[in-house]
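The structure under discussion appears below in the form of structure tokens.
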Amino acid sequence: MAEAATARQFDAETAEKLAAWTPLLPLPCQLTVDLAIPKYRVADVLVLQPHSILVTHWRVGADVPLRVNGELVAWGEFEVVENHLMVRLTELA
């Protein structure tokens, strides 16, 4: 996790590109990780409760799409680190 907290070093070109985004940086957005569960039914949704477990055939390490406000921005893979389920970015869209 220290890797995520480490300050990044950017070259001049990258820093210039990021500067153009400065007015938009504080805007909120919604990041979603799409995990398709085939054959899931409305009846399955209606019985969901806190701590329910959804059984999938998705493999740890399989790429899943990451979307910001509904737009595909990247692909990632699930990892388990200690007691946390995380998504590691593998490819930008």
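Brief remarks follow.
- Restricting region 7-23 to residues that are assigned to a loop (DSSP other than H, G, I, E, B) and charged (D, E, K, R), the residue that is modelled with the highest pLDDT is 11.
- Those residues of region 18-71 which are surrounded by 10 or more Cβ atoms within 10 Å (Cβ to Cβ), closer than 20 Å to residue 84 by Cβ and of a type outside the set (Phe, Trp, Tyr), in sequence order: 31, 32, 33, 35, 54, 56, 61, 62, 63, 64, 66
- The single condition among (1) at pLDDT 90 or above; (2) on the phi > 0 side of the Ramachandran plot that residue 31 does not satisfy is (2).
- Subset of region 72-93 that is under 12 Å from the mean Cα position of the chain (by Cα) and of a type in the set (A, V, I, L, M) - its residue that is surrounded by the most Cβ atoms within 10 Å (Cβ to Cβ): 74
- Near pairs, Cβ below 7 angstrom, 6+ apart or cross-chain, from region 58-86 (in contact (Cβ under 8 Å) with a residue 40 or more places away in the chain and more than 14 Å from residue 36 (Cβ to Cβ)) to any residue that is outside any strand (DSSP E or B) and of a type in the set (S, T, N, Q): 69/30
- Some residue of region 39-51 being in contact with an Asp or Glu (Cβ under 6 Å, 6 or more places away or on another chain) and at pLDDT 80 or above: no
The values are calculated or read from the model by the stated rules, or taken from the named source; none is laboratory data. Computed from a predicted model, the values in this text were never measured in an experiment. Please note: Cβ atoms are built from the backbone with ideal geometry, for glycine as well, and neighbour counts cover all protein chains shown.
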